[in-house]
Each structure stands twice: as structure tokens, then as C-alpha cells.
Amino acid sequence: QVRCIEVVETYIARIREVNPLINAVSKDRFEEALQEARQVDQLLAEGPADDSLEEKFPFLGVPFTVKEAFSLQGMPNTSGLVNRRHIVAASDATVVSRLKQAGAIPLGVTNCSELCMWFESSNRVYGRTSNPYDLQRIAGGSSGGEGSVLAAAGSVVGVGSDIGGSIRMPAFFNGIFGHKPSTGVVPNDGQFPMAYGVRSNFLCTGPMCRYAEDLEPMLRVMAGPGAHKLKLGDKVSLEKIKFFCMDHDGGSVFVYPVDKEILQTQKKVVEHLESDLGVQVQRVSIHKMRYSFQIWSAMMSCRDSDGQEAQLFTDLLGDHGKPVWPLWELLKWLVGMSSHTLPAIGLGLTEGVMKLNPSGNAKLVSMGRSLQAEMETLLGPAGVLLYPSHPTVAPRHNSPICMPFNFAYTAIFNVLGLPVTQCPLGLSSQGLPLGIQLVAASYNDHLTLAVARYLEEAFGGWVPPGK
């Protein structure tokens with residue numbers, strides 16, 4: 001109905017309109033994208049009249065954006081680290097390559113937090129990304145630029161990664177869809193920092209988008225030959241799903257209480273499922289979820305099966321150069337001379353604390369494995385858990401420093417290896433996005449994706465900012 005060049009030009013115009021406000025796109029490749037759009041139009045003009053093009057290129061001519069932590073040929077790949085400012089990707093990350101091979105056209109790379117380890121996307125290379133629903137609010141992290149530009153309608157779909165909620169928090173704060181797949185199916189290679197040792201089991205690469213129907217085809221392309229493991233072709237009967245619901249983590253001392261409006265929205269979802277589908281949503285109280293932050297921290301820093309230690313964050317900050325001394329960086333930060341952000345320095349300072357209690361860490365790792373077994377048994381082949389995405393709606397800029405452990409609501413599912421879809425549920429009384437996490441047992445991604453499509457229809461899905 002429209003030419004590819006028109007589509008790409010429209011999205012480029014939209015990015016130029018919104019990016020001065022939200023600072024989501026770190027570096028564009030507009031000229032290359034326009035050239036690729038012309039090639040698509042030429043292919044369509046000369047190509048066969050049958051469906052072979054659609055089968056070969058399911059995303060033909062579709063504009064997309066990529067988190068800057070991923071390699072996109074010719075684009076910077078700094079992950080917000082000042083001493084990587086000169087790094088330009090010479091090739092594509094596997095997932096980026098697969099999307100390009102499917103016909104999609106990259107528009108550029110989007111901002112993230114320094115080294116992707118904080119839930120506000122701000123760094124000393126590109127500055128700070130803002131939330132399109134309220135520029136005084138965070139876009140989330142670490143895939144915050146991606147969440148922001150998608151919510152602002154500057155891109156169709158996007159590539160994110162998630163080791164503690166880095167897809168789901170930006171998706172929640174920006175009112176879009178995001179999916180953290182089951183562990184080990186979508187390749188993680190081609191991003192910096194890369195996860196090594198035990199963390200390679202927790203890092204997940206996944207799709208972000210405004211419309212639920214785009215999650216599955218995007219995930220299919222990104223997963224490649226491994227897509228069958230996620231049962232994406234299986235038909236889902238919503239009435240046969242066993243729904244479970246938890247209102248909060250049980251009262252962790254590290255995490256804020258869940259906002260009343262978030263709880264009320266979750267209650268509305270439960271009531272709608274019960275009245276419309278005729279199902280019974282079972283309330284559960286999983287005691288170990290109260291220790292989500294401690295379990296995540298312990299499992300992130302434990303040795304892998306080969307005895308290899310997790311890579312130190314301070315080593316990553318140095319990026320193979322001189323070691324970074326967090327206390328010295330803090331003193332430099334206080335006088336405006338550090339090239340690092342305060343959250344990165346803080347993480348470097350707290351990293352050493354985890355090593356002071358090896359026996360306590362071992363107990364927490366054991367608790368995490370026990371919780372994983374408990375969740376797999378509870379959810380089984382047909383279960384979906386409704387769980388808050390975060391204790392609060394998108395906080396104001398810099399305030400996450402005062403609530404640094406709230407990401408535990410998403411992080412726990414990384415170390416449990418479970419698939420989770422983040423689903424938007426309209427706007428709060430403040431005009432900020434609300435939402436919910438949909439969790440299933442390993443390799444039952446098809447269940448959470450089906451429920452997300454259903455809830456989008458029931459609750460309206462993405463709401464344009466400023467509407």
C-alpha cells in the first residue's frame with residue numbers, strides 16, 4: 001500500500017522530531033537506511049508476484065532500532081563507556097544480522113546505561129534518555145533508549161538485552177511490550193559487555209515493540225534455528241491456562257512497597273480473566289521471592305560449573321585498560337572529574353562486599369535453585385504467573401539512586417531462567433504507563449505471548465504519549 005522509502009522517511013522524520021526531547025537515538029544511519037529502502041522498492045517492483053518474498057523476507061522494509069550495546073556494522077559500540085568512544089562495530093551481532101537478513105532496515109543505535117548495569121539510561125558518552133510520557137522521568141535501563149524511541153513512535157521494533165530486567169523495565173516505564181525469552185535460545189553474542197561464566201545463563205536477548213503481535217515473528221527471526229524450542233507454533237487455548245497471581249514479593253526490606261495503582265490494575269486483570277475466560281486465578285505466596293535481590297546478587301557473583309569466577313564490574317569499567325578504583329572514582333566524581341556515572345561507581349564499591357560472606361552466598365544460591373524448581377513445578381506445562389513489573393511507575397530522573405534494589409522484581413526471573421513478557425495496561429492517574437509481567441515455565445514462551453495479545457485487546461496496549 002505504501003512504498004518502503006515513504007515508511008523509512010516517515011520514521012526518520014519522527015526521530016528528528018522527538019529525539020531532541022528524549023535523547024533516545026545515540027547515532028543514526030539515516031542515509032544508509034534510505035538507500036536500503038530504495039533497494040527494497042526496486043526488489044518489490046522487479047520481484048515475483050507470489051508469496052516467496054514474504055517467506056524469504058518476513059520483515060522486508062521494516063525499520064528497526066538496536067540497543068547501542070549490540071554491534072551494528074558502522075555504528076558505535078561503547079555501552080556508554082567513555083574509554084570506548086572510538087569503538088565502531090566492524091560486523092553485526094547475530095540477532096542484528098538475522099533481522100537484516102529478514103529484510104529489516106536499521107535506523108540507528110539507542111542509548112543505554114553505563115555498561116548496561118543500571119535502570120536509568122544515562123552515561124558520559126551520550127547523556128541521559130528521558131521518558132516520552134514525562135520528560136522529567138526515567139526511560140528505564142539498560143535498554144532505555146530502545147524503550148523510549150519505540151514508545152515515541154520513532155521505530156517499529158527494537159533489539160534489547162536483559163540480565164536483571166533491562167528489557168522489561170524500559171518496556172514497563174514506556175508502556176510498550178518486551179519479552180525476555182527462555183534462557184539459551186536467542187544468541188547473545190556481538191554485544192558489550194558480554195556475559196561470561198555463570199552470567200551467560202542469565203543474560204537474554206529479546207524483542208521490544210509497541211504491538212503484541214510483533215513479538216512472536218520477531219522472536220522467531222532472532223532465535224533462528226532454535227525457535228522451535230519456544231513452541232511458538234503451538235496453538236494456545238486461553239481457557240486452559242492455569243493462572244496464578246502474586247501482588248508483591250512478600251515484603252523485602254530492600255524494595256519499596258508496590259504502588260496502590262499498580263496493585264489495582266493487577267486486580268482488574270485478574271477480574272477480567274475470571275469474568276471473560278471463566279478461569280479461576282489462584283493467589284499464591286511464594287516465600288522465597290522475598291529474597292529476590294539477595295538471590296540474584298549471589299547467583300550473579302557465584303562460580304560456574306567449571307569453577308570460573310564471574311567477571312568483576314571494576315574490570316569491565318577499565319575495559320582491558322588500567323584498573324578502576326571505585327573509591328578514587330567517587331572522590332573524582334564529587335569534584336566533577338570522573339568519566340563514570342555515580343551508579344557505576346556505586347556498583348563497583350558494593351561488588352567487593354558480596355565476597356565477604358561466602359557461606360551466606362552459598363545458602364542464597366541454594367535457595368535460588370530451590371526456588372527455580374518450585375516455580376517450574378507450580379507453573380508446569382500450562383501455567384502463567386501475573387507479577388508486578390516494578391514497585392513504582394517510572395520514577396523521576398536520578399531518584400533510582402534512592403531505590404537501587406527495586407529492579408529485583410524483574411531480576412529474579414533472569415536467574416530462574418523463566419520466559420517473561422512485559423505487557424502494558426494503560427496509563428496511571430499521572431499519565432504514566434502501567435503494566436504487568438507474565439511469567440511461564442521454561443520454554444513455554446508461547447503462553448505468555450498469547451496472554452499478552454489477549455490483554456492488549458482487553459486493556460488497549462500502547463497509548464501514544466501526549467494523547
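Tabulated data
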read-out	value
Candidate aspartates and glutamates for bridging to Lys363, where Cα separation is under 17 Å - those fewer than 8 sequence places away on the same chain excluded	Asp304, Glu374
Partner lysines for Lys268 [C-alpha distance under 17 Å; skip if fewer than 8 residues away on the same chain]	Lys260
Anisotropy class of the range 10-140 from Cα gyration tensor, a/c 1.5 cut	prolate
Overall Cα dimensions of the range 143-238, principal axis frame, Å, largest first	37, 35, 21
Residue (of Met289, Ala171, Leu432) at the positive-pole extreme of the chain, dipole from beta-carbon charges	Met289
Between the range 384-459 and the range 98-162, the alpha-carbon center distance in angstrom	17 Å
Rounded to 5, percent antiparallel among DSSP beta bridges of the chain	70 percent
Value of relative contact order over the chain, rounded to a whole percent, pairs C-alpha under 8 Å and six or more apart	18 percent
All-pairs Cα distance distribution in the chain, expressed in whole percent, bin size 20 Å	26, 59, 14, 0
Kirkwood Rh, angstrom, the range 64-152 [1 / mean 1/r, Cα pairs]	13.1 Å
Helical mean residue ellipticity (222 nm; -39500 (n - 2.57) per DSSP H run of 4+; nearest 500) of the chain	-11000 deg cm²/dmol
Positive minus negative residues near Arg14 (Lys, Arg vs Asp, Glu; Cβ under 14 Å)	-2
Surface accessible to a 1.4 Å probe, per residue, for the residues of the range 4-459, Å²	40 Å²
Farthest toward positive dipole pole in the chain [+1 Lys/Arg, -1 Asp/Glu at C-beta], among Cys116, Leu53, Pro400	Pro400
Accessible area of the range 4-459 belonging to carbon and sulfur atoms, whole % at 1.4 Å probe	53 percent
Neighbourhood charge, 12 Å Cβ-Cβ cut-off, centred on Leu416 and excluding it, Lys, Arg +1 and Asp, Glu -1	+1
For Thr392, net neighbour charge (Lys/Arg +1, Asp/Glu -1) across residues whose Cβ lies under 14 Å away	-2
Kirkwood Rh and Cα Rg combined as Rg/Rh, the range 402-467	1.03
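The values are calculated or read from the model by the stated rules, or taken from the named source; none is laboratory data. Being a predicted model, the structure only gives us computed values, none of them experimental. When we count neighbours, we look across all protein chains shown, and the Cβ atoms used for this are built from the backbone with ideal geometry, even at glycine. Quick note on the areas: whole protein, heavy atoms, side chains included, nothing else; ligands and nucleic acids left out. Shrake-Rupley method; radii C 1.70, N 1.55, O 1.52, S 1.80 Å.
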